[in-house]
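The values are calculated or read from the model by the stated rules, or taken from the named source; none is laboratory data. These numbers were taken from a predicted model, which means no experiment stands behind them. Note: ideal-geometry Cβ built from the backbone for every residue, glycine included; neighbour counts use all protein chains shown.
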Amino acid sequence: MSFLYPYVLILAVLISAVAVAAYLSLQRRRAAALRAAGFGTLTGGGLRRHLPYALLLAALPILLVGLARPQAQVAVPRVSGTVLLAFDISNSMAATDVSPSRLAAAQAAATQFVGEQPDTVDVGVLVFGDQALLTQAPTADHTAATAAIARVKPSGGTSLGQAILVGLGTITGKPVSLPADGSAPDTSALGYWPSATIVAFSDGENTGGPDAEAAAELAAAAGVRIQTVGVGTAKGATVKVDGYQLNTALDESTLTAVAQVTGGAYHAAGDADTLNDTTKSIDLRLTTKKEPLELTAPFAGAALLLLALGGLLGTRWHGRIV
């Protein structure tokens with residue numbers, strides 16, 4: 001517990017000590033006066049004599065402590081942290097099995113998602129095709145994040161693994177990569193980031209390295225959860241790339257595996273309306289932040305209760321408050 005005005009505590013001790021000393025002195029003088037008048041020392045009714053005054057005296061330091069503005073640090077749960085929205089911009093995302101296109105539907109759903117986040121959540125945007133690129137660093141300015149979402153255009157192949165590594169590097173503040181020889185990566189330098197989440201919008205058709213599940217294991221070691229949103233349909237559609245007709249369909253298995261490695265979840269979205277609803281089910285982590293809670297009111301309430309009780313008993317037993 002801390003106090004906004006700690007010097008008042010000194011006054012509370014001094015004033016309370018003076019009040020108690022004055023009461024004891026008054027009782028001694030009263031007893032001396034009774035003896036001088038020949039009444040001797042009164043021995044009965046000690047509780048009735050002293051309890052009302054004891055309650056009034058007890059209220060005084062409590063009230064003064066309340067004036068010192070006591071505060072306690074309490075852990076307040078809230079949704080906070082960092083969310084990186086990763087957009088698959090491969091050519092297959094131009095498919096129209098989700099209206100008006102997979103990428104456009106993902107942009108609309110992500111924009112709605114950003115609009116629903118509190119200002120305690122920093123939102124960043126990255127895009128990934130053959131390579132991954134951070135287009136908006138995590139920021140509390142959600143307008144900047146939605147503007148970055150609007151600039152996303154489809155092109156190239158798909159490397160979900162590269163998206164995870166770039167996202168993880170953004171969160172940790174240092175480059176992250178998988179060993180070229182396939183050995184187990186060193187995760188000790190990553191740190192632990194449990195308040196960070198990567199949300200990947202993709203059709204799951206992974207066409208290039210690095211391995212997405214291995215990258216997801218790195219994210220899991222750093223405490224970063226990955227939520228994946230499948231954009232497209234199992235039936236698929238045809239897209240034209242460099243004059244060729246290519247068949248493309250949603251691959252849920254890759255997206256599910258990546259999410260599960262980190263403790264996240266795969267969210268299926270078969271059409272634009274479902275995709276918008278899907279973003280509402282994305283689970284962001286609750287964190288806690290210690291905030292000061294002022295305790296003046298409880299102290300004042302306790303003091304007033306004692307004052308009222310002391311006054312009531314004094315009036316009932318002695319016909320006066322003091």
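Test SER92 against the stated conditions and say whether it is in a helix (DSSP H, G or I) and touching a residue at least 60 places away in the same chain (Cβ under 8 Å). Taking the combined requirement at face value, the residue satisfies it. Being within 25 Å of LYS153 (Cα to Cα) and of a type in the set (S, T, N, Q), is that true of even one residue in the stretch 178-190? No; the residues of the stretch 178-190 include none that is within 25 Å of LYS153 (Cα to Cα) and of a type in the set (S, T, N, Q).
Every condition in (1) surrounded by 15 or more Cβ atoms within 10 Å (Cβ to Cβ); (2) at pLDDT 90 or above; (3) touching an Asp or Glu at 6+ places or on another chain (Cβ under 6 Å) holds for ALA140 except the one numbered (1).
Here ALA104, ALA94 are screened, and the one residue that is in contact with a helix residue (DSSP H, G or I) (Cβ under 7 Å, 6 or more places away or on another chain) and at pLDDT 80 or above is ALA94. Looking only at residues that are surrounded by fewer than 16 Cβ atoms within 10 Å (Cβ to Cβ) and out of contact with any helix residue (DSSP H, G or I) (no Cβ under 8 Å at 6 or more places or on another chain) in the stretch 243-261, which one is modelled with the highest pLDDT? The residue in question is SER253.
If you go through the stretch 115-131 and pick out every residue that is over 25 Å from GLY161 (Cβ atoms) and outside any strand (DSSP E or B), you end up with 6.
To keep it simple, each residue is scored yes or no on (1) in a helix (DSSP H, G or I); (2) modelled with pLDDT of 80 or more; (3) outside the structural domain of GLY236 (by TED's automatic domain parsing).
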| residue | (1), (2), (3) |
| --- | --- |
| ILE15 | yes, yes, yes |
| GLY38 | no, no, yes |
| ARG48 | yes, no, yes |
| ALA86 | no, yes, no |
| GLN112 | yes, yes, no |
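For the criterion of being β-branched (Val, Ile, Thr), over 30 Å from LYS174 (Cβ atoms) and touching a residue at least 40 places away in the same chain (Cβ under 8 Å), THR278 passes.
Filtered by the rule that a residue be at pLDDT 90 or above and either over 20 Å from the mean Cα position of the chain (by Cα) or surrounded by fewer than 24 Cβ atoms within 10 Å (Cβ to Cβ) (or both), the stretch 116-128 gives ASP122, GLY124, VAL125, LEU126, VAL127, PHE128. For ARG69, the test of being assigned by TED's automatic domain parsing to the domain that holds LEU313, at pLDDT 80 or above and charged (D, E, K, R) is passed.
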